[in-house]
Amino acid sequence: MSHVPVGVLYDRDEAKYLGRFIREIERNPELESQMDRIDFIESRVQSYWIRDHGPLFGRSADDELLVVDSIYRLLDVESVYNPLRLEAFSFAKQRDYSNDLTPQFIANYLRSDLEYETLLTRPPLHLHGGDLAVNGRGDLFLSEDTISENGGDMEAIEAVFRQYFAAENIHILSGPIGNSAKHLDLLFKIAKPGVILASRALAENVQSDSYGRKLHKQLSNRLGNNLNYIRRNLPESTKVIELPMPSLLVTRKQERLEGLRNELLNVVCRKVNVDFRVFLNGNQNSTEVENARSAVALEMLISTGLNVDLESESHLDVVSRKYLGVSIDEYLETYVDHPAIYRSYTNSLIIANARLETLILLPRFIPQPGELKETYTAYEREVEKVYSDLYPDAELRWIESDMITSLGGSIHCMSIGVPLQMKLKASRKPEVTNQSIDR
């Protein structure tokens, strides 16, 4: 498949890094030849997840390209913990409005650089693009989180979706659970009109702790409820295909134990009136840090009778029992991963160019400790067959995705596609270019 043009957004305050990035591309023989197809778009972007803060696309009654610019917000609760202050959770504030400008920057790029006729429309909705899906047949899918973030008045919310998205039927599904992005594209995908891909019950990780097992059970129930809802409420002709879902990405044992060491040191520092930040990050050669370390070591010696080496699991266990009242095994069993990281084969990207050649990018995940490589090989065979059956002539490519996923999203979350065969301004050259559609 020939490549489609790509636009890469960058924050204008980081333009100094752009030259280095372009130089690295030019040094790669496989990429250098594609530089003419890559445009860099100045913006105020502060997030990888353009699927959420970028625009949605549609068409007007006159076949003009609509750039749908909904409201994008991330609320952050700020507090300073002080048990003597009742107003500890003091206020909530908007982190940054910069990402909410992304649709405007993209619309300007489409009009100025690509000479596309576009109209910018702004529905009064707080909406993350990863939590919305449409099937081209009047059905629109959202999660409960989008409803609550817009006030919960279903009648008013439905009216906006009907006016701006021509939605005939609005379906509310359950999104991910736990501290994660509450977006349907981590669990659900409309692969083409009349075909839905849905994650089936989550694979349970062998490292699961008590919280992980509870999360697993609740999520499995949600996935089952979604499947039952889809089968009850969509036409019988709708094809629903279940995809496997690997285990949640969990923190490895050694990283968990490192967290335990820091928690213990913080407790001991408070006991001997030492500033933990100085202990951890101060100048290692300073008298202040040397005295702090001596005070902490002496406290643990007196309390345990050991010259404590926290790198030793046996010593760590003794100190943990003394200061936290839990053994290492109990600590690991009650550990809560923060945030919950979902790995999903529905978070893929389907791209078609003007010649209707199709490329499908699929996220690849690696087994976690205790899991079998053969299990993931079987997952990939199943996933490849599903996508190949739906798109027999498509080129499938696997993208290593654990690093991306650890940031909270995946391939679908960090990309958007511009619709095919857009109508150009009549005063300019009427030429159809290799733009893409995506799902």
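The values are calculated or read from the model by the stated rules, or taken from the named source; none is laboratory data. Keep in mind the model is a prediction, meaning the values are calculated, not measured. Here Cβ is always computed from backbone atoms with ideal geometry, including for glycine, and neighbour counts include all displayed protein chains.
Would you confirm whether any residue within segment 211-224 is outside any helix (DSSP H, G or I), aliphatic (A, V, I, L, M) and under 28 Å from Leu362 (Cβ atoms)? Checked segment 211-224: no residue is outside any helix (DSSP H, G or I), aliphatic (A, V, I, L, M) and under 28 Å from Leu362 (Cβ atoms). The set of residues in segment 225-248 being farther than 17 Å from Tyr345 by Cβ and surrounded by 14 or more Cβ atoms within 10 Å (Cβ to Cβ) consists of Tyr229, Ile230, Leu234, Thr238.
Of the residues screened, Ala198 is not one that is surrounded by 15 or more Cβ atoms within 10 Å (Cβ to Cβ), touching a residue at least 60 places away in the same chain (Cβ under 8 Å) and in a loop (DSSP other than H, G, I, E, B). For Ile241, are the conditions met, namely being under 30 Å from Glu168 (Cα atoms), within 37 Å of the chain's Cα centre (by Cα) and at pLDDT 95 or above? Considered against the rule, which asks whether it is under 30 Å from Glu168 (Cα atoms), within 37 Å of the chain's Cα centre (by Cα) and at pLDDT 95 or above, Ile241 comes out as yes.
Total residues in segment 17-42 satisfying the condition of being within 23 Å of Ser112 (Cα to Cα) and either basic (Lys, Arg) or in contact with a strand residue (DSSP E or B) (Cβ under 9 Å, 6 or more places away or on another chain) (or both): the figure is 9. Run down Ala156, Ala92 and say which single residue is farther than 23 Å from Tyr10 by Cα, at pLDDT below 85 and among the aliphatic types (A, V, I, L, M). The match here is Ala92. Under the condition of being closer than 20 Å to Ser415 by Cα, charged (D, E, K, R) and either loosely packed, with under 10 Cβ neighbours inside 10 Å or in contact (Cβ under 8 Å) with a residue 40 or more places away in the chain (or both), the residues counted in segment 9-23 number 1. Looking only at residues of segment 307-347 that are more than 26 Å from Ile177 (Cα to Cα), surrounded by fewer than 14 Cβ atoms within 10 Å (Cβ to Cβ) and polar (S, T, N, Q), we find that the one that is nearest to the chain's Cα centre (by Cα) is Ser312.
Considering the conditions (1) modelled with pLDDT of 85 or more; (2) within 24 Å of the chain's Cα centre (by Cα), Lys385 is excluded by exactly one of them, (2).
Looking only at segment 153-175, residues that are free of Cβ contacts under 8 Å to residues at least 24 places away in the same chain and assigned to a loop (DSSP other than H, G, I, E, B) come to 1 in all.
Yes/no per residue for (1) under 19 Å from Leu186 (Cβ atoms); (2) at pLDDT below 95:
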residue	(1), (2)
Thr304	no, yes
Val308	no, yes
Ser348	yes, no
Asn353	no, yes
Arg364	yes, no
Gly370	no, yes
Leu396	no, no
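Counting just the residues of segment 277-310 that are free of Cβ contacts under 8 Å to residues at least 12 places away in the same chain and charged (D, E, K, R), which one comes out farthest from Leu265 (Cα to Cα)? Restricting to residues being free of Cβ contacts under 8 Å to residues at least 12 places away in the same chain and charged (D, E, K, R), the top hit is Glu288. For segment 26-46, the tally of residues that are at pLDDT below 85 and within 26 Å of the chain's Cα centre (by Cα) stands at 2.
Please work out if Asn283 is assigned to a loop (DSSP other than H, G, I, E, B) and either surrounded by 14 or more Cβ atoms within 10 Å (Cβ to Cβ) or not charged (D, E, K, R) (or both). Here the answer is yes, as Asn283 does meet what is asked. In this structure, does Asn179 turn out to be of a type in the set (S, T, N, Q) and touching a Pro at 6+ places or on another chain (Cβ under 6 Å)? Taking the combined requirement at face value, the residue satisfies it. Over 40 Å from the mean Cα position of the chain (by Cα) and surrounded by fewer than 17 Cβ atoms within 10 Å (Cβ to Cβ): is that true of Asn262 in this structure? Considered against the rule, which asks whether it is over 40 Å from the mean Cα position of the chain (by Cα) and surrounded by fewer than 17 Cβ atoms within 10 Å (Cβ to Cβ), Asn262 comes out as no.
Checked against (1) closer than 30 Å to Gln163 by Cα; (2) at pLDDT below 85; (3) among the small types (Gly, Ala, Ser), Ser70 meets all criteria but (2).
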